[in-house]
Each structure stands twice: as C-alpha cells, then as structure tokens.
Amino acid sequence: MRYLTDRKRAVGLGAGGSGTQGHWQMMVRSMIMVVITPLFLITFGMGLGGTYEEALAYYSQPIPAIIIALSLIVGLTQLMHEANEAIEDYIHGVKEKLTLVATKAFAYTLIVAGLFALVKLAL
C-alpha cells in the first residue's frame, strides 16, 4: 500500500493519469459547438431550397464553406470522444480496443469524406 501526503495526492493526475485535461477539452469543444451550431443552422437554412446552381454558388463563398467545415470537424470530433467515453465505460478487453479503433477510423473517415464533398462543391 502506498502512503501519499496530501500534497502528492493533490498534485497527482488521478487514476486515469490525465487529470482534468479530457474534461477541459470536452468543455472547450462544447463551447465551440454552442457558437457553431446556430451559425450552421443559419448557413444551412439560407442555402436550402434553391436549385443546384444556386447552392453551388452559395457554398462557393468562403464564409458558408468555413462554417460548414468547422461544424463538421468539431461536431464529429465531439461525437467521437463521446462515443469513446461510452465504449470505455461498457466494453472491456480486446473488444474495447478494437471498438475504439473502429470508432476513431469511422469518425475520421466521415470528416474526410465531408470535407472532400465540401471542397468539391466549393471549387
């Protein structure tokens, strides 16, 4: 059994070894999503309902394309981390590791595919 002083216990990073870093990262992503989500809804709503040529012209502008790209990246990254938290809580062993790898691969594939489609549409 290890005996730790109060100071050593307070300075330690906890049982996970990462301290509150993961919590802070999630809070930052959440704050970004609070700003990005209304911008995404407004941008998407303004581009909705037109012809293909109108949508092409609208998403060729830099501001709508940047807002859509940021929404895609931050939203899917947040979703990936939330899914990883659930996987770590309920799946253990080799299945956990394989599921975490599959989740990350799927999320990054969706991000790349979405950005590719956006670039294709914008250019």
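Residues that are among the small types (Gly, Ala, Ser), in a helix (DSSP H, G or I) and touching a Leu at 6+ places or on another chain (Cβ under 8 Å) within the stretch 58-87 comprise 65, 69, 71, listed in sequence order. Filter the stretch 104-123 down to residues that are modelled with pLDDT under 95 and loosely packed, with under 11 Cβ neighbours inside 10 Å, then give me how many there are. Residues that pass the stated criteria total 2.
In the stretch 39-57, the residue that is modelled with the lowest pLDDT out of those that are surrounded by fewer than 10 Cβ atoms within 10 Å (Cβ to Cβ) and in a helix (DSSP H, G or I) is 52. Part of a helix (DSSP H, G or I), modelled with pLDDT of 95 or more, within 17 Å of the chain's Cα centre (by Cα) and not charged (D, E, K, R), is that true of residue 101? Considered against the rule, which asks whether it is part of a helix (DSSP H, G or I), modelled with pLDDT of 95 or more, within 17 Å of the chain's Cα centre (by Cα) and not charged (D, E, K, R), residue 101 comes out as yes.
The values are calculated or read from the model by the stated rules, or taken from the named source; none is laboratory data. This is a predicted model, so every value here is computed, not measured. Backbone-built Cβ (ideal geometry, glycine too); neighbour counts: all protein chains shown.
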